[in-house]
Structures are given as structure tokens and as C-alpha cells.
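The next block holds one structure in the form of C-alpha cells; read it before the comments.
The values are calculated or read from the model by the stated rules, or taken from the named source; none is laboratory data. Quick caveat: nothing in here was measured; it's all calculated off a predicted structure. In this analysis, Cβ positions are derived from the backbone assuming ideal geometry, glycine residues included, and neighbour counts consider all displayed protein chains.
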Amino acid sequence: MSKTEKNLREAFAGESQANRKYLAFAKKAEAEGFSQIARLFRAAAEAETVHAHSHLRELGGIRATKDNLAAAIAGETDEFKNMYPQMIAEAKDEGAKGALRSFSYANEVEKIHAALYQKALEDLGKNPATEYYVCQVCGNTVENEAPDECPICGAKKEMFKKVD
């Protein structure tokens, strides 16, 4: 791997993390009544997304939808088969209950994401119109209608956000 490719990968990761961090900061600022600061964090987050997408394009990481779905399936599958199980075990060993819950929720949801991507790949070109809802506690992603209670974390229906 060239130095430039290594740098693009590092920059993509950094910009991606900054985007998510700034959106979390915006949510907190909004909750504390600082709407203008929240707006600034959201603007910066959007700029970080522009940077991340540019770096990913330069890496050749955005391909045809069929290839992108295959890459998404592989990534989600690796997370629930390899990455999160190790993290869950280590959090258990260290008694880190909050991290254990966070990792466990993510692990269960990654299985769902892989299945949803697989379904989309199998239906490619004839995908039916589908609504998606995401649990704001654990990230559970469901089709068409939010359940009365999240099967992963137990959150009520109101905690599901419709994705536009």
C-alpha cells in the first residue's frame, strides 16, 4: 500500500468519525438549548461527510450498487462474526457493563443489516418500496412498521425513527 493510499484510508476514517462525533455533539447542544451551536456542529458534520466521500472515491471504495451491497454484507458479517464477539468477551472480562450492552446491541443489529443487504442484493432491480425504522436506543433496523417493543433492547415503539 502506498503512503497516499494509507493517508486516504486514515483521512477517511478520521473524517467519518468526526462526522458522527459532531452529530452527537449537535444532539447534546440542542438538548441543552444551544440551537445555534447545534446548527454549527451539524454544518461541520456535513463538511466532514463531503471530505470522507471524496477520500473514499479516491480509494475506489464506491462502485456499482451490486458491488456496494456485497461489500456491505461482507463488512456487517465480519462485525457480527469477528469484531463484536471479541469486544463483548473483553467487556465481560473487564466488567464494563455499559460497553457490553453497547457492543451486544450493535452485534445483534449488524446481523439484521447483513440480512437486509442480502435481501436487497437478491431483489436488485425489483426492490419493492419499503419503509425503514431505526430504534434510537440500540439501532435495530426494521422494515415497514416499527414494532410495539424492540426485540433487541425492549424500547417502546415511540423510540423508532422513520428513515426518509
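Remark: pairs (first residue in the range 3-22, among the charged types (D, E, K, R); second residue surrounded by 15 or more Cβ atoms within 10 Å (Cβ to Cβ); Cβ separation under 7 Å; 6+ apart in sequence or on different chains) = E15/E48; E15/H51; E15/A52; E15/H55.
Table: residues versus (1) under 17 Å from the mean Cα position of the chain (by Cα); (2) of a type outside the set (A, V, I, L, M); (3) surrounded by fewer than 12 Cβ atoms within 10 Å (Cβ to Cβ); (4) more than 21 Å from V137 (Cβ to Cβ).
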residue	(1), (2), (3), (4)
Q17	yes, yes, no, yes
A31	no, no, yes, no
F41	no, yes, no, yes
A44	no, no, no, yes
F80	yes, yes, no, no
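Select from the range 116-140 the residues that are closer than 21 Å to M87 by Cβ and either assigned by TED's automatic domain parsing to the domain that holds A74 or surrounded by 18 or more Cβ atoms within 10 Å (Cβ to Cβ) (or both) and list them in ascending order. Hits for the range 116-140 are C135, C138, G139, N140.
With respect to the stated conditions, E131 is closer than 20 Å to L69 by Cβ and either touching a helix residue (DSSP H, G or I) at 6+ places or on another chain (Cβ under 6 Å) or at pLDDT 95 or above (or both). Taking first residues from the range 145-161 that are over 19 Å from S102 (Cβ atoms) and partners that are assigned to a loop (DSSP other than H, G, I, E, B), the Cβ contacts under 8 Å between residues at least 6 apart in sequence or on separate chains come to E145/E131; E149/A155; K156/D148; K156/C150; K157/A146; K157/P147; K157/D148.
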